[in-house]
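Single-structure report; data block below.
The values are calculated or read from the model by the stated rules, or taken from the named source; none is laboratory data. This structure is a prediction, so every number in the text was calculated from the model and none was measured. All Cβ positions, glycine included, derive from the backbone under ideal geometry; neighbour counts span all protein chains shown.
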């Protein structure tokens with residue numbers, strides 16, 4: 001379980017997160033949506049302990065960071081590291097025995113090649129595979145579906161559902177609504193640094209219609225495309 | 001003035017601005033920064049000529065060429081290729097290499113090494129046409145693959161340095177020049193220390209389930225172990241052929257290890273920011289006057305632990 005109470009985060013005078021209160025339970029998948037710059041990544045970085053903040057983040061996983069699989073939207077890789085070495089590094093870092101990496105290579109990645117030769121989607125698959133191999137209890141996935149091909153997306157959806165079955169906590173953000181509606185138990189809407197709405201699974205269709213109304217009809221209409 | 005000349009002028013004014021910003025990021029006035037860099041450059045060059053007058057010009061050529069090759073990285077060249085036409089791109093690369101060449105040329109001119117100076121000019125222009133393709137499919141094998149990442153990544157970037165420096169040691173033995181052998185050892189440590197200069201992305205510190213103390217100790221232990229492995233052939237050869245100077249050889253090795261340790265600690269003492277000018281100067285001073293390591297190393301160690309508390313388990 002992760003409980004966030006009264007979380008504030010500012011960069012200089014700009015307040016990015018304002019009084020965030022939320023609880024994430026085991027065996028559930030949480031979707032976080034919000035426009036670009038709404039504060040999703042900052043929230044994830046605060047949970048991971050990568051940012052200083054005001055407020056409280058409590059977890060029964062102690063220390064939380066050592067049980068957390070964190071996937072950034074644009075993972076960083078060293079220029080001359082191979083896929084195999086990257087997975088090994090992440091296992092070494094947590095003191096985990098390095099498993100049979102080839103057997104874990106569910107995405108058929110060329111693990112002996114430099115990661116710099118990988119496509120965007122392959123890099124994301126590698127980063128995902130590494131945090132799965134780490135055997136974490138909680139996963140924060142920032143736009144995990146971006147850049148991944150159709151087969152990869154189908155596999156990722158299945159992986160998320162299996163993590164839920166294994167009683168893990170999964171928090172993810174995505175700009176593709178279907179990826180959230182296929183996996184999440186709840187969707188939390190972040191606007192201007194604050195959670196303004198929580199939508200349960202049975203109301204996902206209504207949320208999608210509302211978003212379509214706001215995006216397509218109201219905004220694109222202003223363009224007066226001919 | 002042609003569009004191409006304007007483009008080149010603007011490109012170099014931007015490079016100058018970006019360099020100034022980097023120096024400012026170190027918390028230092030750019031003018032002071034340039035003066036300090038110049039002072040360190042002159043000091044190290046003088047030291048090199050003092051240690052081995054015969055080989056110093058060649059080592060200067062070697063260092064200058066490496067710096068110029070760094071500018072031939074394919075990602076840089078791809079950028080220049082996209083932005084400029086071929087002719088302008090070539091001009092820019094020649095000017096860049098000449099800018100790197102100038103300080104080395106001045107040192108060589110002062111030391112009356114006009115033949116080497118002319119050869120280096122030719123090398124500088126030739127290297128402006130070289131492209132270092134980094135997107136090759138071939139993966140360079142490394143003995144450090146089991147414990148990534150600094151030595152595994154660094155070794156692949158500079159693997160060609162090792163046979164060159166080992167060859168230099170063999171030359172030192174053939175010409176009975178101990179100083180040349182010691183310079184090779186110093187260069188080996190300088191390259192291996194360069195693997196630790198740039199602060200890594202914070203994710204690569206955050207992932208470790210360790211305290212700052214265990215993290216730092218493990219980093220230093222691995223670095224010392226790997227550096228010792230890479231230096232061992234040099235030490236064995238030198239001890240075998242310059243046995244009378246075994247104390248000096250072992251002391252030089254110890255200084256190299258201390259320098260490497262200082263670089264690692266200097267990096268983490270300012271983490272996640274880059275190593276600042278004061279830390280950089282203190283690190284160079286450790287190489288020039290090793291006893292000050294007794295103060296510098298513990299100081300950096302405790303500051304590193306403080307800096308890493310934000311990312312690791314306290």
Residue A:43 being under 25 Å from residue A:126 (Cα atoms) and assigned to a loop (DSSP other than H, G, I, E, B): no
Residue, modelled with the lowest pLDDT, within segment A:157-178, restricted to residues that are crowded, with 18+ Cβ neighbours inside 10 Å and under 12 Å from the mean Cα position of the chain (by Cα): A:174
Within segment B:272-295, tally of residues that are without any contact (Cβ under 8 Å) to a residue 12 or more places away in the chain and not in a loop (DSSP other than H, G, I, E, B): 6
Scan of segment B:131-141 for residues that are more than 9 Å from chain A (Cβ to nearest Cβ) and in contact with a helix residue (DSSP H, G or I) (Cβ under 7 Å, 6 or more places away or on another chain), ordered by number: B:131, B:132, B:133
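For the structure I just gave you, tell me whether residue A:80 is at the interface with another protein chain (Cβ under 10 Å from one of its Cβ atoms), part of a loop (DSSP other than H, G, I, E, B) and within 18 Å of residue A:139 (Cα to Cα).
Spelling it out, it is not the case that residue A:80 is at the interface with another protein chain (Cβ under 10 Å from one of its Cβ atoms), part of a loop (DSSP other than H, G, I, E, B) and within 18 Å of residue A:139 (Cα to Cα).
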Tally of residues being assigned to a loop (DSSP other than H, G, I, E, B) and in contact with a strand residue (DSSP E or B) (Cβ under 7 Å, 6 or more places away or on another chain) across segment A:102-120: 3
Qualifying residues in segment A:31-40 (those that are surrounded by 19 or more Cβ atoms within 10 Å (Cβ to Cβ) and not in a strand (DSSP E or B)) - the one nearest to the other protein chains (Cβ to nearest Cβ): A:40
Segment A:86-101 - residue that is over 21 Å from the mean Cα position of the chain (by Cα) and in a loop (DSSP other than H, G, I, E, B) and, of those, farthest from residue B:209 (Cα to Cα): A:100
Which listed residue, of B:186, B:153, is within 30 Å of residue A:95 (Cβ to Cβ) and at pLDDT 85 or above: B:153
Residues of segment B:186-201 classified as surrounded by 19 or more Cβ atoms within 10 Å (Cβ to Cβ) and within 14 Å of another protein chain (Cβ to nearest Cβ), total: 2
Leading residue by the ranking (surrounded by the most Cβ atoms within 10 Å (Cβ to Cβ)) among those in segment B:202-238 that are within 14 Å of chain A (Cβ to nearest Cβ) and within 23 Å of the chain's Cα centre (by Cα): B:205
Count of segment B:145-185 residues which are within 20 Å of residue B:235 (Cα to Cα) and within 9 Å of chain A (Cβ to nearest Cβ): 1
Candidate set from segment A:52-77 (those that are surrounded by fewer than 16 Cβ atoms within 10 Å (Cβ to Cβ) and more than 7 Å from every other protein chain (Cβ to nearest Cβ)); member that is nearest to residue B:200 (Cα to Cα): A:74
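Within segment B:240-257, can one find any residue that is outside any helix (DSSP H, G or I), touching a helix residue (DSSP H, G or I) at 6+ places or on another chain (Cβ under 7 Å) and over 24 Å from residue A:70 (Cβ atoms)? Can you show your working first?
The first filter runs over segment B:240-257 and keeps only residues outside any helix (DSSP H, G or I), leaving B:242.
Remaining after also requiring touching a helix residue (DSSP H, G or I) at 6+ places or on another chain (Cβ under 7 Å): B:242.
Add one more test, that the residue is over 24 Å from residue A:70 (Cβ atoms), and what stays is B:242.
For segment B:240-257, residues outside any helix (DSSP H, G or I), touching a helix residue (DSSP H, G or I) at 6+ places or on another chain (Cβ under 7 Å) and over 24 Å from residue A:70 (Cβ atoms): present.
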